[in-house]
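Here's the structure we're looking at; comments come further down.
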Amino acid sequence: QRRTVQKILVNQDHPNSVWAATSEGTFRSYDGGDNWELVHDVAMATDIIINPVDTNIVYIANGGMGSLGHGIYRSENGGTTFGKMDLVSGGGPSNFLGKVILDISKSDPDILIASIGNSDGSLNAPEQNKTWLMRTENGGDTWTVESTEDYSRVQGWYAHTAKMHPQNPDIIWAAGQPFTVYKTTNGGGNLAPV
């Protein structure tokens, strides 16, 4: 069985608090990595974000490669419990073949974006809506689809990303395959190749 670590993240306020997004789920260590605890057992965790103002708020992305828990999850108690975010009400997918990449605004941590790919790497992936760029402005309570520009294409399971400008969360860059960089200046609505 193949096992992977997708991301390791250190809590900026508590450097002995380390998180790992893995193919087996999400793990947390309170002693700098000497001991680990599985805190979220949904397979294929692909990304982790810690709120920089309140580090008890943690976001985890799951999806792709056989995961049965596709979606974005939030903890407000440092990882003791997690709740799944509602992406569907904002036009997002209930299920998808690829992975999710998250980013949080440095200037307003209530704003997050999610790059969601819908390809598993095969050439028979769905032809429409292979990529969703989603956004929340209230810490994940509600999400909206800002763009369905297919920048991840057949690499939706692996090679795509989206990042916000550190001072202006309306400026977003997204990239995927075939190695084209996209940019928007209005939070996602006019995403276009640079």
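The values are calculated or read from the model by the stated rules, or taken from the named source; none is laboratory data. The structure presented is a predicted model; accordingly, all values stated were derived computationally and were not measured. Cβ atoms come from the backbone with ideal geometry, glycine included; neighbour counts cover every protein chain shown. What goes into the accessible areas is simple: the full protein's heavy atoms, side chains included, and nothing from ligands, DNA or RNA. Shrake-Rupley method; radii C 1.70, N 1.55, O 1.52, S 1.80 Å.
Observations on the model:
- Residue in the stretch 110-120 that is of a type in the set (Val, Ile, Thr) and open to solvent by 20 Å² or more (accessible area, probe 1.4 Å) present: no
- Applying the criterion of being of a type in the set (Val, Ile, Thr) and surrounded by fewer than 20 Cβ atoms within 10 Å (Cβ to Cβ) to the residues of the stretch 130-164, the residue that is farthest from THR55 (Cα to Cα) is THR148.
- Residue list for the stretch 165-191, restricted to those being of a type in the set (A, V, I, L, M), surrounded by fewer than 16 Cβ atoms within 10 Å (Cβ to Cβ) and farther than 25 Å from ILE57 by Cα: VAL181
- Which numbered condition TYR73 misses (of (1) under 18 Å from GLN6 (Cβ atoms); (2) assigned to a loop (DSSP other than H, G, I, E, B); (3) open to solvent by 10 Å² or more (accessible area, probe 1.4 Å)): (2)
- Near pairs, Cβ below 6 angstrom, 6+ apart or cross-chain, from the stretch 147-163 (β-branched (Val, Ile, Thr)) to any residue that is open to solvent by 50 Å² or more (accessible area, probe 1.4 Å): THR148/ASN129
To keep it simple, each residue is scored yes or no on (1) within 22 Å of ASN186 (Cβ to Cβ); (2) under 12 Å from the mean Cα position of the chain (by Cα).
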{"position": "THR55", "(1), (2)": "no, no"}
{"position": "ILE60", "(1), (2)": "no, yes"}
{"position": "GLY66", "(1), (2)": "no, no"}
{"position": "GLY71", "(1), (2)": "no, yes"}
{"position": "THR81", "(1), (2)": "no, no"}
{"position": "MET85", "(1), (2)": "no, yes"}
{"position": "ILE113", "(1), (2)": "yes, yes"}
{"position": "MET134", "(1), (2)": "yes, yes"}
{"position": "GLU137", "(1), (2)": "yes, no"}
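- Within the stretch 1-35, if we keep just the residues that are under 20 Å from SER67 (Cβ atoms) and over 21 Å from the mean Cα position of the chain (by Cα), the residue that is modelled with the lowest pLDDT turns out to be GLN1.
- Here the stretch 32-44 is the region considered, the condition is being in contact with a strand residue (DSSP E or B) (Cβ under 9 Å, 6 or more places away or on another chain) and acidic (Asp, Glu), and the residue that is most open to solvent (accessible area, probe 1.4 Å) is ASP41.
- Extreme residue, nearest to ALA114 (Cα to Cα), among residues of the stretch 45-65 that are open to solvent by less than 20 Å² (accessible area, probe 1.4 Å) and assigned to a loop (DSSP other than H, G, I, E, B): GLY63
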